[in-house]
Structures are given as structure tokens and as C-alpha cells.
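The values are calculated or read from the model by the stated rules, or taken from the named source; none is laboratory data. It should be emphasised that the depicted structure is a prediction, and the values quoted were computed from it without experimental measurement. Backbone-built Cβ (ideal geometry, glycine too); neighbour counts: all protein chains shown.
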Ligand SMILES: CC(C)(COP(=O)(O)OP(=O)(O)OC[C@H]1O[C@@H](n2cnc3c(N)ncnc32)[C@H](O)[C@@H]1OP(=O)(O)O)[C@@H](O)C(=O)NCCC(=O)NCCS
């Protein structure tokens, strides 16, 4: 008998209808469509109507995943939400989504790992399934990045968008499912990408608001260089220790932060365009939602088939680094 593994058996996603193009941003800050496209690959991003919380996006994605799998929310054992834009500091957004979707018997919690959040949450959820403690775990990546964007800072406000994605993890013993994960953090990188105020270090005050400290701050070039190196290192390592090379990978599904970061990793692994999902032009960087949204793009393009070897990879604030290697089980998608 093969090992019991946690497999993705359903996917649901949600992005708000409202779209903000590069041209729209050029009306607000000193930027241009040409600069944004050539430096990042982004053409537009979806943005919520003001006041729409992360739990709303997450709940919509969760309901879609349940519908596609033909499950009721009451069958879920556990809900893990990856987000850096929780509705509130507490309670956890997982609790709010549990209530919204009516997952009566599920417990849950949030994972804070920024752009690596989805792969970290996936790994955490997989442990409960592999151990036999749970058979239906929902993992959600959801962020309303526009709630923490400074529209006076042209170097960050062009990068992000809003969105959510949810998967269901269930046990499989047919060789499919999550094969391995590789995660690391380097907290010395915290200073390069963060939201300085609103936590215990600098609680909200008139001063923190006046200094615009409740927004994302980043040193873009430093983050860029770290991400280029770590995406490729982490991806190579996980392949190597599982006796695979780049040519064995059927699909590379990377966090969508910058097209140039994705392509640098792609080239180091020697992957052709056909094996790499790129949808950053459509959504921008939706933080914890990029990987499930990229899985959706892969399914829409019919690039994901049962048995495919899939490599997920992400780098984010922290710094956090994560990759997950899996054998695709198949989901209902029409
Ligand atoms: C942010 C990022 C796109 C900037 O690209 P870059 O090539 O590094 O650009 P730089 O920061 O060196 O800036 C180059 C110039 O463009 C300017 N610039 C920055 N943002 C701009 C914008 N939106 N429009 C026009 N010009 C801009 C800078 O002011 C700078 O001008 P200067 O040379 O006169 O000082 C890039 O660093 C990046 O993607 N970093 C990673 C960010 C990320 O992924 N964060 C999430 C973590 S997962």
C-alpha cells in the first residue's frame, strides 16, 4: 500500500469585479503603463469596493471549492487561512470565514507568512491529513492588499491586488498528493518588507497615522535580489532531494510578485514557457492568493492533469521561503 498523502481535491477562487489598470494608477501617482509592465509584468489588478474585508473574499473562494467538490461546509474539519490583511488583528480570519460559510464542526487559525502564506498553510494542513487526524482540511489564501497600500508610494502601490483562493485537502493512497515541502525563514530580512505600525511595537496613534506607517514599506531592490536567489535555490533543492530535475517538472506554479523573478527561476531550472504559469499581468501580486489563482489559470488553460509533477514556490516578507512538490490528483473543473 502506498503512503497516505494529503492531496488537493478541490479549488475555488475569487477576485473582485472592479479592475484598476496601470493607466488608472498613472492618474494617481507619477508612473506609466510602460514602466509597470516592463519592470513587473503587471497590466491590471482586481480591487475590492472599499470596506470589503478579506473574510468576504475568502468565504466566496471557500464556497466555490466546496461546490465543485460537492461537499457541505459542515463536513470540514479544519480551516487554515493565510493572510497579512486579516479583517482585524483578532479574532483570526479563519473564525470569521468558519462562521460565514457555516463550517459548524471545523476549528481553524491564521498563518502569517506573507507571500509564502499559502504554501506554509498548505504544508501545515497536509500534516493533519497525513497523520490521519483529519480528512477534510480547507486551506485559504486571501488578501485585501489595497487595505494596506499607500497610494502616495509609487514603488509599492503598483504591485499589489486583491484576491482569494481556497483548496480542500483530503487523503489519497494512490501516489498522488503532496510529496515534500521545503521551508525556511530569515528574520534578519524583516526590515526590508513590512508594515511598521499597528502591532505591539508601534500601536496605532496619531503619530503613526501621520507618518503613514500603516502601509506596506519595502526596499524593492533588496527584496527582488533575495527573491530571485531563493526561488531558484529552494526549487532546485526540493527537486534534487526527491531525485528529480527540472525536466521532470510538468508545471511550475510560482508566487506572482514580479515576472522577472519568476522567469529567473524558470531559466535556472531550464523550464520552457509551456510549463510555467504566469498570470501576474491580470492580477498583480495578491500575496497569499497568488498560488491558488495560478492553479486556476493552469486549470483554465488545461495545463494540469492527474499525475502531473507540480512545483509550487514562494518567497515573501519575513523573509519566508517555501516550496511544495506534489503529484496532482485532479479536481472537478468545467
Ligand atoms: C519594486 C520593483 C518593481 C522596482 O523595480 P526596480 O527595477 O528594482 O526599480 P528601482 O527600485 O531600482 O527604481 C528604479 C527607478 O524607478 C523609479 N520608480 C519606482 N517605482 C516606479 C513607478 N511605479 N513608476 C515609475 N518609476 C518608478 C524609482 O524611483 C527609481 O528612480 P530613480 O532611478 O530616479 O531613483 C522591484 O524592485 C521589485 O519587484 N521588487 C520586489 C518586490 C516584491 O516582489 N515584493 C513583494 C515580495 S514577494
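Cβ-Cβ distances below 9 Å connect the following pairs, each with a first residue in the stretch 38-50 that is on the phi > 0 side of the Ramachandran plot, a second residue that is surrounded by fewer than 21 Cβ atoms within 10 Å (Cβ to Cβ) and part of a loop (DSSP other than H, G, I, E, B), and a separation of six or more residues or different chains: 41/278. Being assigned to a helix (DSSP H, G or I), within 16 Å of the ligand (Cβ to nearest atom) and under 29 Å from residue 321 (Cβ atoms) holds for only one residue in 119, 84, and it is 119.
Being within 16 Å of the ligand (Cβ to nearest atom), modelled with pLDDT of 95 or more and buried (at least 24 other Cβ atoms within 10 Å of the Cβ) is the requirement here; does residue 139 meet it? Outline the logic, then answer.
Details: within 16 Å of the ligand (Cβ to nearest atom): no; modelled with pLDDT of 95 or more: yes; buried (at least 24 other Cβ atoms within 10 Å of the Cβ): yes.
It is false that residue 139 is within 16 Å of the ligand (Cβ to nearest atom), modelled with pLDDT of 95 or more and buried (at least 24 other Cβ atoms within 10 Å of the Cβ).
Of the strands (runs of 3 or more DSSP E) lying entirely inside the stretch 1-65, the ones with 2 or more residues being away from the ligand (no atom under 16 Å from the Cβ) and either under 22 Å from residue 223 (Cα atoms) or modelled with pLDDT of 95 or more (or both) are found at 5-14.
In this structure, does residue 126 turn out to be farther than 14 Å from residue 165 by Cα and either out of contact with any strand residue (DSSP E or B) (no Cβ under 8 Å at 6 or more places or on another chain) or part of a helix (DSSP H, G or I) (or both)? Step through it out loud before you land on a result.
On the way: farther than 14 Å from residue 165 by Cα: yes; either out of contact with any strand residue (DSSP E or B) (no Cβ under 8 Å at 6 or more places or on another chain) or part of a helix (DSSP H, G or I) (or both): yes.
Spelling it out, residue 126 is indeed farther than 14 Å from residue 165 by Cα and either out of contact with any strand residue (DSSP E or B) (no Cβ under 8 Å at 6 or more places or on another chain) or part of a helix (DSSP H, G or I) (or both).
For the subset of the stretch 104-116 comprising residues that are assigned to a loop (DSSP other than H, G, I, E, B) and within 16 Å of the ligand (Cβ to nearest atom), which member is surrounded by the most Cβ atoms within 10 Å (Cβ to Cβ)? Across the stretch 104-116, the extreme among qualifying residues is 113. In the stretch 171-196, what residues are touching a helix residue (DSSP H, G or I) at 6+ places or on another chain (Cβ under 7 Å) and under 21 Å from residue 75 (Cβ atoms)? Across the stretch 171-196, the qualifying residues are 171, 178.
If you check 274, 264, 314, 232, which single one turns out to be crowded, with 22+ Cβ neighbours inside 10 Å and either part of a helix (DSSP H, G or I) or modelled with pLDDT of 95 or more (or both)?
Numbers: 274 fails: crowded, with 22+ Cβ neighbours inside 10 Å; 264 fails: crowded, with 22+ Cβ neighbours inside 10 Å; 232 fails: crowded, with 22+ Cβ neighbours inside 10 Å.
None of the others qualify; the one that does is 314.
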